[in-house]
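The values are calculated or read from the model by the stated rules, or taken from the named source; none is laboratory data. What you are looking at is a predicted structure, and each value in this text was computed from that prediction instead of being measured. Note that we place each Cβ from the backbone using ideal geometry, even for glycine, and neighbour counts take in every protein chain shown.
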Amino acid sequence: MLVKRRTAQAAHGRLASAAAGLGAKTIDRRSFLRNSGLAVGGLAAVSTFGVGMARKAEAGFVNASQPIEIRKNICTHCSVGCTVTAEVQNGVWVGQEPTWASPINRGTHCAKGAAIREIVHGDRRLKYPMKKENGQWVRISWDQAIDEIGDKMLEIRDNSGADSVYLLGSAKFSNEGAYLFRKFAAFWGTNNVDHQARICHSTTVAGVANTWGYGAQTNSYNDIRNSKTVIFMGSNAAEAHPVSMQHVLSGKEQQRANVFVIDPRFTRTAAHATEYVRMRSGTDIAIIWGLMWHIFENGWEDAEFISQRVYGMDAVRAEVAKWTPDEVERVTGISEEQMRRVAETFATQRPATFIWCMGATQHTVGTANVRAFCDLLLATGNVGLSGGGANIFRGHCNVQGATDFGLDIGNLPCYYGLAAGAWRHWSRVWDVPYEYFVSRFDAVPAKGGRNARTAEENMAIPGIPSTRWFDATMYDAEEIDQRDNIKAMIIFGHGGNTVPRMADAQKGMNALDLLVVADPHPTTFAALHDRPDNTYLLPISTQLECAGSRTASNRSLQWGEKIVEPIFESDNDYAVVYRLADKLGFSEEMFKNYEMVQGKFSMEPTPESILREINRGGWSTGYTGQSPERLKAHMANQDKFDLVTLRAPADDPEVGGDYYGLPWPCWGTPEMRYPGTHILYNPNIPVKDGGGAFRPRFGLEREGETLLAEGSWPVDSEIQDGYPEFTMAVLKRLGWDADLTPEELATIERIGGGDPEAIDAVSWSIDLSGGIQRVAIEHGCVPFGNGKARAIAWNLPDPVPVHREPIYTPRPDLVADYPTLPDAMQFRVLNAGHTIQQAAVEQGLAQQFPILLTSGRLVEYEGGGEETRSNPWLAELQQDMFVEINPADASARGIVDGGWVWVTGPEGGSRARVKALVTERVAAGVAFMPFHFAGWFQGEDQRGKYPEGTDPIVLGESVNVITTYGYDPVTGMHEGKATLCQIAAA
Amino acid sequence: MARMKFLCDADRCIECNACVTACKNEHEVPWGINRRRVVTINDGLPGERSVSMACMHCTDAPCAAVCPVNCFYTTDDGVVLHSKETCIGCGYCFYACPFGAPQYPRVSNFGTRGKMDKCTYCSGGPEADMTQAEYIQYGTNRLAEGKLPLCAEMCSTKALLAGDGDIIADIYRERVVTRGYGSGAWGWRTAYGETIQA
Amino acid sequence: MTSRAFAAAMVALFAAVALLFSAMPETMAQQVTPTASSVQEDELLRALQTGENVSGRVSIPDRQAGELIKPDNKGWADLSQGTLQTFAVGILVVALIGLALFYFIRGRIALEGGFSGRSILRFGWFERLAHWMLASTFIVLALTGLNLVIGRAVILPIVGENAFGTLSSWGKIAHNYLAWPFMISLAIVFVLWIVHNIPGRIDLEWIKQGGGFMKKGVHPPAKKFNAGQKIVFWCVVLGGAAMSYTGVMLLFPHLAGTGADWQFYQVVHAVVAGLLSAVILGHIYIGTLGMEGAFDAMGKGEVDENWAEQHHSLWAREVKSAAVSPAKSDEAIAPAE
């Protein structure tokens, strides 16, 4: 029972009530001033007697007498996919309630999610379109903005070509927004389209997809509850994915699981591990091979799994043999005893899962790191089962979806690649002739000793990664493998402070002819440079202000409802992309399949109709079963799904048998009601229930050895061995083509163009009818085949991962043994890592900069941080950029906790003024800086460069002022986790 | 009758600060006032633990004992509340509180104290339930709506428990048994004169 | 350098380098099991020394927020509620009882020989202004302060909660604002009268005779201020300064440091307030009820010649001789009683 204090009120009649009447006056400061006539202390002193708390009353008060609407959306911060429940009253988001029903977050949030309501009240949001005129920000209309931007883009296209306009998208797009933006790039005619996956998990996607088929988390956060052993390597989930820790820690308790954290820092995650292993940043491969040395040495590997489902493990065995405990200790600093213990536990206390994040991916050997992790999982038979797997925690709220939809220099939506077949597939889906796209692309002249290429060839060549765009503005045109330099950056929702070499990025921004920042907040891209004009800011609404689906890290799709209308003059991505396409002249072709409705300022496509188009084309990744109706039914029935299995009871009328969010692959048409795939490559359950196998996407055999599974197949499979991907020809051979409906057959024949050979070649991934998938699954088979995972990825620079020292290594003595790869042209620009590494060794930079610098996330902030640093509820919790430094290093330098220091880096005299956080979290000789800060640049406060009233509350130096050169050869991923620095008291 | 308590399971708390921002969100608590905070003990060292702390709504609350104007009162749920009408911002409750719960807005450049503000266990104050007047002074009254404090409801790892003291003690005890270790019910001995034995 | 020495040097160098490298892995490879070694609250509480808190790191700038559990604060609560309250109330009660007893036993100290009818100037207008500013603010400060100590027990039950809250709110405002004129007048009084309050040999005699209070007809000689008045002066100046300093610290907590400092200032503030109030009670008694003719000194500024002769013989003579020689300032400097 709840009882108010109602006693003692007006207990004594008139005296009490008379005095109580005065009570109101005590609040009235002005009448007090008048009455007292006192002047001591002046006005300032008067306000010292204020009462109560000064705050906005209108925003957060829920008036119980008025109707409250409940709307559900998904948190826009990390990839865990927490459902946000909003209480809306009169169009204002007045309250946030826990979402108990969501099996992912079960009501909970981290600091960011619990503060997310502020984002749609944010008075620091960009309020209207702006441009720079003679160095001053001025307000303009949407019409003017679109007109001027469009004209400038067309001018650049005429003079330099389509590839000179770089389209940088966002991992915060909805799936529909991401897909639309990728489609926009295709219609514009460039592959220079990218997003944050480049700098977060591009190496994961490349490494994992090259091993077993798809670039995604194999299991789910919830499934970690089943794990007996968990390794976090380069993941600080407690800060980066806090809600995931609910599942990890529950599992740890209930399973009495072993939790290892292998990290250069004793993180908040490490504090909850059963064992912490301190490593040197940049030595992941040495550690994994060191673990596998013990596994092979002691016969702890899963021999049956390897023989049935892995190709080329012997090559790994040969490499691993070099990593004796002594060598591992020499390179990584980890003792034999500890290595052995971790190895034995991981291999024998199964199921075991391996979790990694940017600590592993942001390296020059990022892809190789990931491949090594996969090899460890394969050797111990820990993939494709509940409680095991590669639990890759992705970063942004929809980085998985944005990756899936090809916001990527090397892919069309759903990993079709850029080959002609891919373009033809999407041409069919989009109902636009293939030749149209050829006409949109640049032909590249011969230059710099390279051959010319036609537009059609150029269409198939990956673009420039987002980590190198500024190099492509400044390098000599001869050195860039496209028609001309980058002249324009069109940036939708991407920070400018999340990529190393910010001093160079600043020069790159200054060199551009056009800079467009479309974002809810002006990012570093709006403030870092000194551009006097041709710079535009477009206010984009957050995903909370528009509807659409997003794909969480575990591949589950969740539909978000629009909570409130876009605030101020902001508008959603769909509308803005439409208006740009309209201005540029291809909106009719591009938007013809969509239902168009009147939006805030213009027509806009409905996200439902965009998703339906995705459903019609996303066969390769199983993005076909997740219709808007099914996704909305899942959101309405969240409470039906099991916490651990994520599956709804079979008898539920709306979502019966489904896995929550229909995690891809969700094969076939929506009508087929495939349940989704909770755990990838899992042969322990029938394919129709989400079972699977490794994907044979690299051929059927290699050097006489089969690449198909041997003696392993999903439960209930009618083919009881390995088999290739399903095509019309395969169906015919099996006699299953008779199972196709006439409509399905007609579609397949249409795709084949009536040519029998082409019809036979129609595969599960381009069959727009979904018939081939349906028939395969009916026979218990995986549409993509049943292959082996590859321990040798012969198409990568290091087919078997090889330890290579970071470009700026604190151990130059090891560079001779473990040098980085030779210089090479990659993604249209030169990767000169080898030359720079050699120079660093020769110049003895490791002596001048004796501290290894690594970087990472804070729980309060996310990404470039503008959104979160503008949110007072979050900003209050981290008010200063800092560097973590070990007490020994600090005392040797006269640095005190909380004092100002200069951090200097080895490139270009870079320096950053930050506060010192003296802590044992980092070892002696190691420093850590978070990467969400910007707004200070090398000691200069740039607050005045933001449009008035839009500057984030908290500004600070970016770590990427200090971080240095270094790029993964497979994806162009930057080196964000291992460089050198020196620190001195400021 | 329920006796409401908080319990922070430090073996679950990861210092994600959701409790802090949930509180800010729910009550629009202004900058500088931290009704709840997370403290990390042994930061960066083995055995590091984080504890989310706010007003513990003590049994025999020392704040209430020292308040010169008697602005504190304890509800039938054991929640310690105060009246801002009566509070004079003297600071005594801060001196007496073992948990640093009372907060004072700095009401001028001088930075002297305004009226005390603290965790209300999401149950408002002496104004009528769920009125705007109550909201402005004290924040939302979730308890009156049959809900528990939002900090605990939104805790990312379900480390922070709120509810009837016996029930949350049982939950915690069960966890300690399940996991086979425990680092204590932080603050309970000081606030409630008892601790939880598994 | 001989080749041998060179070789030795190289060996030493290599040894040093080897040591460097062998040392590194050892520190890095320390085995850490965070779960098993998690800190226990009970252990920390047991290990605490008096005045120590269970504390850690917080990300907000308020370092005090890092103090998780401060068990000693309960000690302050007990002190404040128990000893301090008893002391403050006790000392005032004792003072009042003492004065009452004195009054009943000794009675009013009469002006022997009656009023002469001639008066001499004792305090000029500025002195009186300063005195009364100090006195009036002190009284309000004392009463509003006292309200914080006993109001809850005494006034609250009478007027009810709302009225008491309002009263106390006004009381706090009065206390915080009037502290400033109090401090200003304290400073003025100090400057005005310090010269006359330097202790001298004559004061010993005055004290030895108990100021003549105990026996009728005994009037030890005194200058402008007798030793009793000097004691009051120094009590007011030193006590007032202590009150001012601690008061400012309490008013602006961010100047004061940590919670422990605030507690310390509060205790000092309370103790000095009690002592000073007792002294001032005595001062008020003598200046009004306790002594015939004394109030005129601060009331009108002029005192009767007889009164002056009786209580401040040396001063009276001095003034008279000064009056003979003209052109002396009329702003004679003299004390209150």
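When B:C151 is tested against (1) hydrophobic (A, V, I, L, M, F, W, C); (2) touching a helix residue (DSSP H, G or I) at 6+ places or on another chain (Cβ under 8 Å); (3) in a loop (DSSP other than H, G, I, E, B); (4) within 10 Å of another protein chain (Cβ to nearest Cβ), only condition (3) is not met. A:E749 passes every criterion in (1) assigned to a helix (DSSP H, G or I); (2) surrounded by 23 or more Cβ atoms within 10 Å (Cβ to Cβ) apart from (2). When each of B:V39, B:V69, B:V51 is tested for being in a strand (DSSP E or B), among the hydrophobic types (A, V, I, L, M, F, W, C), facing chain C (nearest Cβ under 7 Å) and without any contact (Cβ under 8 Å) to a residue 40 or more places away in the chain, the lone residue that passes is B:V39. Out of the residues in the range A:775-804 meeting the condition of being of a type in the set (A, V, I, L, M, F, W, C) and not in a loop (DSSP other than H, G, I, E, B), tell me which one is nearest to A:M313 (Cα to Cα). This residue is A:A789. In the range A:496-540, the residue that is farthest from the chain's Cα centre (by Cα) out of those that are polar (S, T, N, Q) and surrounded by fewer than 24 Cβ atoms within 10 Å (Cβ to Cβ) is A:N534.
The range C:225-296 holds helices (runs of 4 or more DSSP H) entirely within its bounds, and those carrying 3 or more residues that are more than 14 Å from every other protein chain (Cβ to nearest Cβ) and without any contact (Cβ under 8 Å) to a residue 40 or more places away in the chain map to C:227-251. Residue count for the range B:125-148 under the criterion of being part of a loop (DSSP other than H, G, I, E, B) and either within 13 Å of the chain's Cα centre (by Cα) or on the phi < 0 side of the Ramachandran plot (or both): the result is 10. So which residues in the range A:686-709 are assigned to a loop (DSSP other than H, G, I, E, B), surrounded by fewer than 17 Cβ atoms within 10 Å (Cβ to Cβ) and either modelled with pLDDT of 95 or more or of a type in the set (V, I, T) (or both)? Hit for the range A:686-709 is A:P686, nothing else. Restricting attention to the range B:3-32, and to residues there that are within 7 Å of chain A (Cβ to nearest Cβ) and part of a loop (DSSP other than H, G, I, E, B), which single residue is nearest to the chain's Cα centre (by Cα)? Residue satisfying both the conditions and the ranking: B:N17.
Among residues belonging to the range A:282-323 that are touching a strand residue (DSSP E or B) at 6+ places or on another chain (Cβ under 9 Å), surrounded by 24 or more Cβ atoms within 10 Å (Cβ to Cβ) and not hydrophobic (A, V, I, L, M, F, W, C), point out the one that is nearest to B:G182 (Cα to Cα). Out of the qualifying residues, it is A:D284.
Kindly check whether there is at least one residue in the range C:34-54 that is crowded, with 17+ Cβ neighbours inside 10 Å, modelled with pLDDT under 80 and within 10 Å of chain A (Cβ to nearest Cβ). No: the range C:34-54 contains no residue that is crowded, with 17+ Cβ neighbours inside 10 Å, modelled with pLDDT under 80 and within 10 Å of chain A (Cβ to nearest Cβ).
Residues checked against (1) of a type in the set (A, V, I, L, M); (2) outside the structural domain of A:R893 (by TED's automatic domain parsing); (3) at negative phi:
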{"site": "A:P822", "(1), (2), (3)": "no, no, yes"}
{"site": "A:E842", "(1), (2), (3)": "no, no, yes"}
{"site": "A:L845", "(1), (2), (3)": "yes, no, yes"}
{"site": "A:G863", "(1), (2), (3)": "no, no, no"}
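For A:I610, the conditions (1) outside the structural domain of A:D431 (by TED's automatic domain parsing); (2) of a type in the set (A, V, I, L, M); (3) farther than 23 Å from A:C82 by Cβ all hold with the exception of (1). If you go through the range A:111-146 and keep only what is part of a loop (DSSP other than H, G, I, E, B), within 14 Å of another protein chain (Cβ to nearest Cβ) and out of contact with any strand residue (DSSP E or B) (no Cβ under 8 Å at 6 or more places or on another chain), you end up with A:A115, A:G122, A:D123, A:R124.
On inspection, A:V120 does not qualify as at pLDDT below 95 and out of contact with any helix residue (DSSP H, G or I) (no Cβ under 7 Å at 6 or more places or on another chain). With respect to the stated conditions, A:E884 fails to be under 27 Å from A:G495 (Cα atoms), of a type in the set (D, E, K, R) and at pLDDT below 95. Scanning the range C:144-179 for residues that are surrounded by 21 or more Cβ atoms within 10 Å (Cβ to Cβ) and of a type in the set (D, E, K, R), we see that the one that is modelled with the lowest pLDDT is C:E161. The residue of the range A:341-394 that is surrounded by the fewest Cβ atoms within 10 Å (Cβ to Cβ), among those that are of a type in the set (S, T, N, Q) and part of a helix (DSSP H, G or I), is A:T348. Hey, any hits in the range C:230-237 for a residue that's buried (at least 21 other Cβ atoms within 10 Å of the Cβ) and among the charged types (D, E, K, R)? For the range C:230-237, residues buried (at least 21 other Cβ atoms within 10 Å of the Cβ) and among the charged types (D, E, K, R): present. The condition (being in contact with a Lys or Arg (Cβ under 6 Å, 6 or more places away or on another chain) and either among the hydroxyl-bearing types (S, T, Y) or surrounded by 13 or more Cβ atoms within 10 Å (Cβ to Cβ) (or both)) is satisfied by just one residue among C:A77, C:A65, C:A88, C:A95: C:A65. Of the helices (runs of 4 or more DSSP H) contained entirely in the range A:201-255, those carrying at least 3 residues that are free of Cβ contacts under 8 Å to residues at least 60 places away in the same chain and at the interface with another protein chain (Cβ under 10 Å from one of its Cβ atoms) fall at A:244-255.
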